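Beneath this line is the structure, given in structure tokens, with notes to follow.
The values are calculated or read from the model by the stated rules, or taken from the named source; none is laboratory data. Quick caveat, the model's predicted, so the values are computed rather than measured. Cβ: placed from backbone, ideal geometry, glycine included. Neighbour counts: every protein chain shown. Accessible surface areas use protein heavy atoms only, side chains included; no ligands, DNA or RNA. Shrake-Rupley method; radii C 1.70, N 1.55, O 1.52, S 1.80 Å.
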Amino acid sequence: MSSSDIFDVLNIKQKSKSPIHGSSPLPSAGSSTNLTPTGSRVSKPQVTGMQRELYNLLGDNQPPVMVQPSSKFKEKLTSKAKPSPWTYAEFKPSGKNNIRLRHWVKGSKDLLGPEPQESDFAKFSVRLSLPEFTEEEYELFMKSGETKNTEKEANANKLDLQDNAEKPPMSNVSERESNVEDEKEKNKEESAVEESGTENGEVGNSGKVEAEEWTYEEVAYLFTLCREYDLRWFVIDDRYLFDGKSRPLEDLKAKFYEVSKKYFKFKDNSDVKLESLNFSKDKELERKKYLQRLLSRSAAEIAEEEALIIESRKFEMAAKKTLSEREALLRLLDSPISTQNVSQYLSSQGISQLYNNLLSDRTRKRKNDNGVPENPWMKQQQHFAQQRQQLQQTQERKNIETHSQDGQASPRKTKKQKQELQTAMKRKSEAAYAETLLKDFSAEERKALGVVTHGEKLSPGVYLRSTRIPTYKPALQNRVVATLHELGLPVRPAMPSFEVVQRQEELLKKIVTLLDMKKHIDKLEAEKSITK
Amino acid sequence: MPPGISKRIKTLSVSRPIIYGNTAKKMGEIKPPNAPAEHTHLWTIFVRGPNNEDISYYVKKVVFKLHDTYNNPTRIIEAPPFELTETGWGEFDINVKIYFHDEANEKNLNFYHRLRLHPYEAGQSKDDEISSIFFDEVVFNEPNESFFKILMTKPGNLLPSNKSDKVIFSQQLEREELDRINAGILEVDKQIDELKKSFNEKITQKQEK
């Protein structure tokens with residue numbers, strides 16, 4: 001598409017167009033621009049900006065009338081319905097009864113009645129119920145936790161204690177736990193910031209304060225605070241002032257968890273909640289320290305960290321890439337059998353080992369090449385031995401066949417025979433397996449799928465069919481090719497499909513016999529001429 | 001990492017027909033914008049199915065190695081159609097490498113295709129589109145099981161039944177090919193018979209003497 005086309009489509013006049021090129025594309029462009037102005041001129045004052053472009057895209061097919069919204073303002077409300085009444089009514093706050101609160105409620109005053117009603121949100125105002133205990137109980141269950149010996153004693157006391165003590169509902173405990181979790185999550189960052197300011201001072205103090213024993217009064221005070229502020233630890237920590245001294249937040253938490261754990265353990269040793277009452281002060285301190293360090297990093301440090309992460313990603317990617325490339329390469333190698341798993345060579349150690357192997361292989365081969373020429377007799381003998389072996393094998397195979405036909409195995413078999421039988425059996429089972437895989441397919445389907453069970457021992461791998469057309473020694477090959485030409489056939493069939501290649505092989509075999517015979521006849525002729 | 005090499009299915013082979021080759025056309029005055037001035041032909045080398053069907057379910061990528069004088073002579077085509085269009089002025093051997101999917105755990109196929117730009121046969125004018133296209137079959141001998149399953153998903157060995165203008169390689173051509181070879185075999189048989197006869201005659205002649 002040339003630029004003039006685009007201009008044409010967009011309906012933009014071209015002024016700076018050279019007259020030489022204008023011969024073919026311009027007339028159409030000119031005519032269209034000549035046609036449109038009448039249409040566009042009418043609409044132009046109304047449309048602007050993007051809209052104008054869009055209308056221009058329509059070209060000559062512009063609609064005759066353009067509907068345009070005249071006003072940019074919102075339409076006025078035309079609803080005539082009465083507004084529903086709302087009342088600024090008093091309501092009962094849950095829990096605290098000494099304050100008066102009001103809120104807007106839908107509905108008229110008459111509908112709501114004179115009595116202040118419960119807020120709809122009252123049901124969400126749930127207070128935690130924390131364990132309550134007297135000083136005696138406190139002493140009792142604190143001791144029972146400390147020494148195992150007193151356990152039995154404590155158990156004895158437990159019965160009457162259970163009668164006396166009001167059991168807090170267990171369901172609330174779980175709620176409290178979740179609350180605590182939420183609180184922790186919410187305040188994580190906050191706490192770190194807060195702690196960062198106070199911690200330095202507190203850590204120094206903590207050793208001193210920790211040493212001070214917790215009296216029952218202080219624990220009771222802690223629990224009242226906890227109850228009052230719904231375990232909002234930062235508020236508790238803020239308000240905490242017992243005997244004119246405060247304790248660090250972690251200490252408060254640790255004490256609270258310790259006491260309540262012992263309390264519940266004393267009440268019921270197999271309580272499910274016990275496990276969630278673990279609190280490690282050291283870990284909490286450590287966590288806050290880490291958070292503080294994380295949040296107090298400088299911009300430069302953050303940038304450096306990011307850069308490092310990106311760098312490491314890059315390394316990982318590169319490593320992955322080299323690994324996959326290496327794998328693809330290794331698969332191409334002949335020396336370690338490529339059909340095996342190549343993963344063992346993927347590490348750098350593996351690859352150096354492979355390299356050494358290959359190197360030694362090569363040197364070994366070269367030694368053979370360069371070394372003393374082999375004894376031709378030895379070679380011949382080896383050849384003979386091989387031939388003999390082959391002959392034997394074929395004979396044995398025949399034997400086996402006859403044996404299996406007879407249905408009785410010969411009582412004594414040589415080792416070789418056994419081996420032969422084994423491989424034959426293996427081959428058979430393999431072929432059977434291949435057949436079972438294909439049993440669902442009919443002959444036609446097999447042809448469509450291109451599956452053939454050849455039942456032979458061919459080297460596994462992929463090849464092009466045309467490469468398996470047999471070739472012969474150069475001299476013979478030349479004559480075979482010449483014969484093929486005489487027959488008007490190409491050396492490489494145009495369509496080397498399975499059947500074609502099979503036929504081609506047969507043809508080549510015949511040609512070779514033909515050539516062989518020709519040679520013999522020539523010899524005969526020559527002999528004859530000599531004898532004459 | 002390959003997903004554990006699965007077992008090869010012995011004594012079984014699966015074949016898939018492919019067509020490879022090139023088409024070429026002489027460029028007139030209109031040339032692609034970035035073609036060098038000395039380039040005279042626009043050619044396309046391709047590897048595809050005989051009916052132009054999708055072969056990407058077993059072919060991962062095809063790499064064409066062009067003559068070194070080209071920029072980036074190694075061209076990797078990783079998605080169908082596996083073809084490459086270039087301009088040029090000379091014929092050369094293009095090394096074609098077909099890579100199979102990782103599941104196959106097969107080596108790549110490696111062969112050469114002589115790029116043809118000029119007509120050799122009489123009757124073709126210089127401006128016709130020239131094509132040099134070959135048929136072949138990719139044979140997976142003893143494929144491993146996972147790849148075998150992939151191959152079995154499509155009847156990829158089907159050839160179009162009849163020759164047409166678009167389809168050259170078809171069952172019809174295969175039959176013609178078979179007939180030609182069979183005729184050749186008959187011819188050779190005949191010659192062998194004749195030779196046998198003359199051979200026997202000569203032997204008897206010799207013995208008579």
> Among the residues of the stretch B:133-154, is there at least one that is assigned to a strand (DSSP E or B), open to solvent by 10 Å² or more (accessible area, probe 1.4 Å), at pLDDT 85 or above and over 26 Å from residue B:10 (Cα atoms)?
Replying inline: yes
> Does residue A:464 satisfy being surrounded by 14 or more Cβ atoms within 10 Å (Cβ to Cβ), out of contact with any helix residue (DSSP H, G or I) (no Cβ under 6 Å at 6 or more places or on another chain) and more than 7 Å from chain B (Cβ to nearest Cβ)?
Replying inline: no
>> Just the residues that are in contact (Cβ under 8 Å) with a residue 24 or more places away in the chain and among the hydrophobic types (A, V, I, L, M, F, W, C), please, taken from the stretch A:124-142.
In response: A:126, A:128, A:130, A:133, A:140, A:141, A:142
> Quick check: is even one residue across the stretch A:472-491 among the β-branched types (Val, Ile, Thr) and touching an Asp or Glu at 6+ places or on another chain (Cβ under 6 Å)?
Replying inline: no
> Hey, residue B:54 hits all of (1) under 19 Å from the mean Cα position of the chain (by Cα); (2) within 14 Å of chain A (Cβ to nearest Cβ) but one; which does it fall short on?
Replying inline: (2)
>> Kindly evaluate residue A:410 against the criterion of being over 23 Å from residue B:58 (Cα atoms), more than 13 Å from every other protein chain (Cβ to nearest Cβ) and either modelled with pLDDT of 70 or more or out of contact with any strand residue (DSSP E or B) (no Cβ under 6 Å at 6 or more places or on another chain) (or both).
In response: yes
>> Step by step: first the residues of the stretch A:489-503, then only those that are more than 7 Å from chain B (Cβ to nearest Cβ) and β-branched (Val, Ile, Thr), then the one that is farthest from residue B:21 (Cα to Cα). Which residue is that?
In response: A:501
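Conditions (1) of a type outside the set (S, T, N, Q); (2) in the same structural domain as residue B:62 (by TED's automatic domain parsing); (3) at pLDDT 85 or above; (4) surrounded by 17 or more Cβ atoms within 10 Å (Cβ to Cβ), marked per residue:
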| position | (1), (2), (3), (4) |
| --- | --- |
| B:95 | no, yes, yes, no |
| B:103 | yes, yes, no, yes |
| B:112 | yes, yes, yes, no |
| B:121 | yes, yes, no, no |
| B:128 | yes, yes, no, no |
>> I need the full set of residues from the stretch A:270-285 which are assigned to a helix (DSSP H, G or I) and either modelled with pLDDT under 90 or open to solvent by 90 Å² or more (accessible area, probe 1.4 Å) (or both), in order please.
In response: A:272, A:273, A:274, A:275, A:276, A:277, A:281, A:282, A:283
> Being within 28 Å of residue B:159 (Cα to Cα) and part of a loop (DSSP other than H, G, I, E, B), is that true of even one residue in the stretch B:80-88?
Replying inline: yes
>> With the requirement that a residue be in a loop (DSSP other than H, G, I, E, B) and surrounded by 12 or more Cβ atoms within 10 Å (Cβ to Cβ), what does the stretch A:472-489 give you?
In response: A:472, A:487, A:489
> Looking at (1) in the same structural domain as residue A:219 (by the TED database); (2) assigned to a helix (DSSP H, G or I); (3) open to solvent by 70 Å² or more (accessible area, probe 1.4 Å), can you tell me which one residue A:301 breaks?
Replying inline: (1)
> Does at least one position in the stretch A:249-269 carry a residue that is closer than 30 Å to residue A:144 by Cα, assigned to a loop (DSSP other than H, G, I, E, B) and of a type in the set (A, V, I, L, M, F, W, C)?
Replying inline: no
> Can we say residue A:323 is open to solvent by less than 70 Å² (accessible area, probe 1.4 Å), out of contact with any helix residue (DSSP H, G or I) (no Cβ under 6 Å at 6 or more places or on another chain) and within 14 Å of chain B (Cβ to nearest Cβ)?
Replying inline: yes
>> Step by step: first the residues of the stretch B:33-51, then only those that are closer than 25 Å to residue B:98 by Cα and open to solvent by 50 Å² or more (accessible area, probe 1.4 Å), then the one that is farthest from the chain's Cα centre (by Cα). Which residue is that?
In response: B:42
> Any idea how many residues of the stretch B:6-25 are away from chain A (no Cβ under 14 Å) and buried (at least 17 other Cβ atoms within 10 Å of the Cβ)?
Replying inline: 3
> Quick one: is residue A:451 within 11 Å of chain B (Cβ to nearest Cβ) and either touching a Gly at 6+ places or on another chain (Cβ under 6 Å) or closer than 26 Å to residue B:170 by Cα (or both)?
Replying inline: yes
